[in-house]
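Taking it in order: structure first as structure tokens, then the write-up.
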Amino acid sequence: MEYTTIEHYAQDEFVERRSRFIGSILPVTTEEEAIAFIAQKREEYWDATHNVYAYILRDGQLRRYSDDGEPQGTAGMPVLDVLQKEGLVDVVVVVTRYFGGILLGAGGLVRAYSHGAKLAVDAAAKKTMSPATRFQLDFSYDLYGKISYILPKYHILTEDSQFGAAVRLQLLIKDRYLDAFSSELRELTSASVSPQLLDKLYANIPEKNV
């Protein structure tokens, strides 16, 4: 089953009625990583009025959030709601607020924290992770052209190429294409080449028009 997360750490900010909101986001895979990031931001912005956070982890479908002193329901839940609406997992967001002296009201806080989270998400860029297989092919040079020709059809990523006495390729393919690729490979090489499976994992494999 595919899932969506973010590419990298990112940050963006805006000012709403003199209050400064800083949205920070990081891809994580464990609760320990999420908690460490929250602690890091609290230390970095130690003088801020609030460091509101939310995170969603794929493992265990874990969801956590904190209003960090803002009125209940006006901060952490809106941040979490943004992550859920964006369909993201394995992410943590901290929205930092420096109070500017003007009260925003409950509705204003919800909008501001939602906007801070959305800015962070947009700055990070999304990526889709798919069930994938890493495998190896070993074959003679006379088959290189034929095999190379069909790889793009299945959106296969080449991770490593070795050209010694024979050709060795380390490749990555989405699981949903593995059977079809293996079948075509057998036909193409008269069953002389078959994938040697190395690893099962989740990977970001863009699909390009071929």
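The values are calculated or read from the model by the stated rules, or taken from the named source; none is laboratory data. Computed from a prediction, not measured in an experiment: that's the story for all the values here. Please note: Cβ atoms are built from the backbone with ideal geometry, for glycine as well, and neighbour counts cover all protein chains shown.
See the values below:
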{"read-out": "Hits in region 40-56 (condition: assigned to a loop (DSSP other than H, G, I, E, B) and small (Gly, Ala, Ser))", "value": "Ala48"}
{"read-out": "Checklist (1) of a type in the set (Lys, Arg); (2) over 30 Å from Ala203 (Cβ atoms); (3) modelled with pLDDT of 95 or more applied to Arg64, failing item", "value": "(2)"}
{"read-out": "Count - residues of region 182-210 that are in a strand (DSSP E or B) and loosely packed, with under 14 Cβ neighbours inside 10 Å", "value": "5"}
{"read-out": "Candidate set: region 57-101, residues that are outside any loop (DSSP other than H, G, I, E, B) and polar (S, T, N, Q); chosen: the one nearest to Arg20 (Cα to Cα)", "value": "Thr96"}
{"read-out": "Set Gln72, Gln61: member being closer than 30 Å to Ile156 by Cα, assigned by TED's automatic domain parsing to the domain that holds Gly23 and surrounded by fewer than 19 Cβ atoms within 10 Å (Cβ to Cβ)", "value": "Gln61"}
{"read-out": "Yes/no for Val121 being under 30 Å from Asp68 (Cβ atoms) and either in contact with a Cys (Cβ under 7 Å, 6 or more places away or on another chain) or part of a strand (DSSP E or B) (or both)", "value": "no"}
{"read-out": "Residue list for region 122-152, restricted to those being touching a helix residue (DSSP H, G or I) at 6+ places or on another chain (Cβ under 8 Å) and of a type in the set (Lys, Arg)", "value": "Lys146"}
{"read-out": "Residue among Phe99, Phe139 that alone is over 21 Å from the mean Cα position of the chain (by Cα) and not assigned by TED's automatic domain parsing to the domain that holds Ser19", "value": "Phe139"}
{"read-out": "Unique match (being outside the structural domain of Val15 (by TED's automatic domain parsing), surrounded by fewer than 22 Cβ atoms within 10 Å (Cβ to Cβ) and among the charged types (D, E, K, R)) among Lys146, Lys118", "value": "Lys146"}
{"read-out": "Checklist (1) under 30 Å from Leu157 (Cβ atoms); (2) modelled with pLDDT of 95 or more; (3) among the small types (Gly, Ala, Ser) applied to Ala125, failing item", "value": "(2)"}
